[in-house]
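The values are calculated or read from the model by the stated rules, or taken from the named source; none is laboratory data. As the structure is a computational prediction, the values presented were derived from the model and not from experiment. Cβ atoms come from the backbone with ideal geometry, glycine included; neighbour counts cover every protein chain shown. Only protein heavy atoms, including side chains, enter the accessible area calculation; ligands, DNA and RNA are left aside. Shrake-Rupley method; radii C 1.70, N 1.55, O 1.52, S 1.80 Å.
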Amino acid sequence: MICLAAMTLTMTAAQELQLSYSRPASHWLEAMPVGNSHMGAMVYGGTDTEEIQLNEETFWSGGPYNNNSTEALQHLDEVRRLIFADREREAYDLLEKHFMRQPYGMRYLPLGSVKLHLGHRDVTNYRRVLDLNTAVASTTYDCDGVRYERQVVASQADNVVALRLKASRRGALSFQLGYASELAEKVVPLAVHGGNASIYQLSAKVKNDEQEGVEGALTADVRVEVKTDGEVRLDGESLRVVGATTATLYIVAATNYVSYNDVSGDPVHKNNTVLGSVRRMSFDKLLKRHLKNYGEQFARVSLTLPRTDASLQDTDRRLADFARGCESGEPDLDLVALMFQFGRYLLISSSQPGGQPANLQGVWNDKMKAPRDSKYTININTEMNYWPADVCNLGETQMPLFDMLRDLTVTGATTARTLYGCGGWVAHHNTDLWRVSGPVDGTTWGIFPTGGAWLTTHIWQHYLFTGDRDFLRENFGIMRGAADFLLDFLQRDPRNGWLMTVPTVSPEHGPQGKGTTVTAGSTMDNQIVFDVLSNVRRAMQVLQIDDAAYAQRLEQTIAQLPPMQIGRHGQLQEWLIDADDPTDEHRHISHLYGLYPSNQISPRRHPELFAAAATTLRQRGDMATGWSLGWKINFWARMLDGDHAFRIISNMLHLLPSDKVKDDYPDGRTYPNLFDAHPPFQIDGNFGMTAGVAEMLVQSHDGALHLLPALPGSWKEGSVSGLRARGAFEVSLSWDDACLKEAVIVSHQGGTVRLRSYVPLEGKGLRPAQGDCPNAFMQSADVAQPLRSPELKKTDLPQLQQVYEYDLDTRSGGSYRVRRSARARPSASH
């Protein structure tokens, strides 16, 4: 028999990584999430009634559709003429009338809930725990002298959610098993007799909803199979288990979805196949397979920060006390490590090869009308979902994203031709299960033609982190298609001669005095276009693609893009006009895309831009929505300011008990179950925080592998292992006195690595760096010098901390240890 505690010891984290609570969840944002990418489940840990709320990744509203306006193209020239004539409001009216077409996207739906009516009311010694090391949610308590234990696991290995119930006294376990869903057409208990045993199942048929005139085309089949040593009875629309000591439920779900344009699947056959495999397993065997599969991913990275007595408290209590601990000088840094690893846990649980990408809520949703439909919002949120993937050693979790991009090259090619008369492919600010690629929600948000282009930069970044040429070759067509669209879409601005996107917006934000977000050549667009065209040019060199005319067209276009501009307030301008409001604390800081996730703003190569970015960040403030805080952590890490990055983390770790009381908790940004609060719940903030912590510890985008580039002064000691850096390096670090102590670099493809440190280093093979970085995977972006407002009298350039740089030749598979020089005096990197 497999002992869960024993299995835990084989995982990397001797570190305790648990969300723990001393009472059942009273609402969804207190429940514990488990998932295997295909299914998500929220475990309440109830005693009278246990609820396991379910989602299936393809259970969305509607069916195949598109929203391409056939009127758009004939009005495009007029829209552009009006924008270039500074008549953006009139252009807005035309866009709203002729470009925007419903439906505006489908929504992610809840599948329903498994309900266990247990009748255990007077309980003691209650505990529920989500163990991130094992991805097992457990509930334990005593009732009438009996110890009850439950474990829930969402197994990737076997594509099933499994629940085991145990009682310490023989025959003391009895419960009624039901299923509830607003969309269920029927719920039927089944008993199949044959062989030496009967198979008992609860079967539910759940039909999806229509939306905005798109008829529902999906049907889900949900099965709950019961294995027990007690008696099972059919009881109306439920099953009743009586006199058991142990019972195991195997929960499976599937729909008829095959792809964005094919709904001919057989969900019953899918479920029967899974159940036919798992019913032959004991729970212990299934658990063992799950732990091996999940642990292989999760255990790649560990982060250790100092523990205090606060680590022993319930998670919601720790969250409520976090700010007080920071103020007293004793922050609960172990909660930061837990939150970091919780982001990795959520990504593993919601995005695996062969599945759908993580949406606005990952794979979890309990609402019939989820906020913002829980779609794929690709003007920041979907991108943020995947920022931790490569650096946190979970590169394969991006495969669903790349599969979605492959679909969008098809639907987006139709949109590019129909709306804009362009080649290539385009997607705007949102998409969904059906890969809609036209603008949605309204002109203010929807006219963002670079959302799909931005997503293609993840392909290039994955190549930089892995050096995998085969991967790059396989996905190069996606990148080139985005570049083809941009090359056709860009227009020359008669006012200045630059090539730019038009019409477009800077996501969800407009310049002072214009009354609309509609513009030409927003700074973010210019930065994205620069990256997309540059990435395709570099990929052609890597893959030795011989197309001189196309390469020349890319280079000539890049040279004609608008440079970044520094405005009269010392800020990086968000638009071509100097119209930023220095008192505006808008959640979107889109024009700092060039700082993060891109590498177009460097403290060493572009100090004026770096200073302007800092000014913009100060103007936007340190508080924001949850996901925006996630981005700001990364921004301040790139600013090399660890103390400020930690201040943003501290602002995120404010408890919001529930959405019902958000007015009483105006600064609440994290729910009791550690889900991020916009509010409402959006998972991107969780992923942004995780990426931000990694960025504080390791950076590799600016001409070197920078060790502890933004370590807060209060993080006096700690260690991290398994982070990834560009050039296919794996990095482990330890520090004391808030200063690097030792680093181990594992090279997965060889080559020279340039190391950057705030302290002098020593180690075998180290030599002082000379010239430019010899590793192309880490090279800085070569952007044009900025334009400065004539009203700006002076730019205060950043005062950078002294660094030491070394080159180290590596071979594939080699491990290299460097340490702080014995002559170095420790000094914090913050």
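Give Thr70, Thr58 a once-over and let me know the one that is more than 20 Å from the chain's Cα centre (by Cα) and among the hydroxyl-bearing types (Ser, Thr, Tyr).
Thr70
Any residue at all in region 526-534 that is open to solvent by 10 Å² or more (accessible area, probe 1.4 Å), among the acidic types (Asp, Glu), within 24 Å of Gly477 (Cβ to Cβ) and at pLDDT 95 or above?
Yes, region 526-534 contains a residue that is open to solvent by 10 Å² or more (accessible area, probe 1.4 Å), among the acidic types (Asp, Glu), within 24 Å of Gly477 (Cβ to Cβ) and at pLDDT 95 or above.
With the requirement that a residue be crowded, with 23+ Cβ neighbours inside 10 Å and not in a strand (DSSP E or B), what does region 133-155 give you?
Once the filter is applied, which keeps residues that are crowded, with 23+ Cβ neighbours inside 10 Å and not in a strand (DSSP E or B), region 133-155 yields Asn133, Thr134, Ala135.
Any idea which residue in region 303-347 is nearest to Gln398 (Cα to Cα), counting only those that are open to solvent by less than 20 Å² (accessible area, probe 1.4 Å), polar (S, T, N, Q) and touching a strand residue (DSSP E or B) at 6+ places or on another chain (Cβ under 9 Å)?
Gln341
Being in a helix (DSSP H, G or I) and of a type in the set (D, E, K, R) is the filter here; which residues of region 313-331 pass it?
Correct list: Asp316, Arg317, Arg318, Asp321, Arg324, Glu327.
For region 175-223, give me the residue count where each residue is under 25 Å from Leu118 (Cα atoms), open to solvent by 50 Å² or more (accessible area, probe 1.4 Å), within 37 Å of the chain's Cα centre (by Cα) and not acidic (Asp, Glu).
2
Could you check, for region 85-104, whether at least one of its residues is buried (at least 16 other Cβ atoms within 10 Å of the Cβ) and over 30 Å from Leu576 (Cβ atoms)?
For region 85-104, residues buried (at least 16 other Cβ atoms within 10 Å of the Cβ) and over 30 Å from Leu576 (Cβ atoms): present.
I'm trying to understand the selection: among the residues of region 266-286, which are surrounded by 17 or more Cβ atoms within 10 Å (Cβ to Cβ) and assigned to a loop (DSSP other than H, G, I, E, B)?
Hit for region 266-286 is Met281, nothing else.
In region 105-118, what residues are open to solvent by less than 10 Å² (accessible area, probe 1.4 Å) and within 20 Å of the chain's Cα centre (by Cα)?
Tyr108, Leu109
Would region 371-385 turn up any residue that is of a type in the set (A, V, I, L, M), part of a helix (DSSP H, G or I) and crowded, with 20+ Cβ neighbours inside 10 Å?
The answer is yes; a qualifying residue exists.
If you go through region 763-777 one residue at a time, do you hit one that is of a type in the set (A, V, I, L, M) and open to solvent by less than 20 Å² (accessible area, probe 1.4 Å)?
Among the residues of region 763-777, not one is of a type in the set (A, V, I, L, M) and open to solvent by less than 20 Å² (accessible area, probe 1.4 Å), which makes the answer no.
Scan region 721-754 for residues that are acidic (Asp, Glu), outside any loop (DSSP other than H, G, I, E, B) and farther than 16 Å from Ser812 by Cα and jot them down.
Residues satisfying the conditions are Asp736, Glu742.
For Lys166, indicate whether it is free of Cβ contacts under 8 Å to residues at least 60 places away in the same chain and either in a strand (DSSP E or B) or open to solvent by less than 40 Å² (accessible area, probe 1.4 Å) (or both).
No: the conditions fail for Lys166.
I need every pair where a residue in region 276-299 that is over 30 Å from Leu723 (Cα atoms) has its Cβ under 6 Å from the Cβ of a residue that is of a type outside the set (Ser, Thr, Tyr) and modelled with pLDDT of 95 or more, sequence separation at least 6 or different chains.
Val278/Asp158; Val278/Val160; Phe283/Arg164
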